[in-house]
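Encoded as structure tokens, the structure appears first; notes follow it.
A short reminder: the numbers here are calculations on the coordinates, not readings from a lab. It should be emphasised that the depicted structure is a prediction, and the values quoted were computed from it without experimental measurement. Note: ideal-geometry Cβ built from the backbone for every residue, glycine included; neighbour counts use all protein chains shown.
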Amino acid sequence: MAILDEQQLHNLAMNIVGKDLEKQGYEFLGVNSKLKKNPQFVALKDKKLHFVIVRAVRYPNDPNLYNEELLTKMKNHADKFNAKTFYAGVGLANQSNYDLPVNSDEDYVVQYPGLKPIS
């Protein structure tokens, strides 16, 4: 059994958000899956630029909560490009026992409330 590290959890969250963006009709212009490199997605929808910041959030932390200072900084950056800014928190937990870490051998539970506009 291999416990997923921070980068692997981040990649999992990126995949979940990326599939959601595709389903909603976003066209990816840039994808950055490196930890601490923001935004994770730069995408177009309806001819409008969107910046999406993705965070993998381990249970019991709330995926709806975000670092306001970081998101304000990203929004100010996005504003220079006339882009909309979104936060996408993805809560992840081990399905068999929420207190155990997410690992490669067991199913996991996802709590993804969707894109949260930052204004």
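Brief remarks follow.
- Counting only DSSP beta bridges whose two residues both lie in the stretch 6-118, roughly 65 percent are antiparallel.
- The Kirkwood hydrodynamic radius of the stretch 53-119, based on inverse pair distances between different Cα atoms, is 13.1 Å.
- Each semi-axis of the equivalent ellipsoid for the chain is √(5λ) with λ an eigenvalue of the Cα gyration tensor; in descending order they amount to 27, 14, 12 Å.
- The chain: angle of helix 6-23 to the longest principal axis, Cα-based, in degrees nearest 10: 50 degrees
- Computed over the chain: relative contact order in percent, which uses C-alpha pairs under 8 Å that are six or more apart: 25 percent
- Label-point separation in nm, residue 33 to residue 5, each point 7 Å along Cα→Cβ: 1.5 nm
- Electrostatic tally near residue 28: other residues with Cβ closer than 11 Å to its Cβ, Lys and Arg +1, Asp and Glu -1, net -1.
- Non-local Lys pairs in the chain, i.e. 8 or more apart or on different chains, that have alpha carbons under 17 Å apart: 23
- Helix 68-80 and the longest principal axis of the C-alpha atoms of the chain enclose an angle of approximately 30°.
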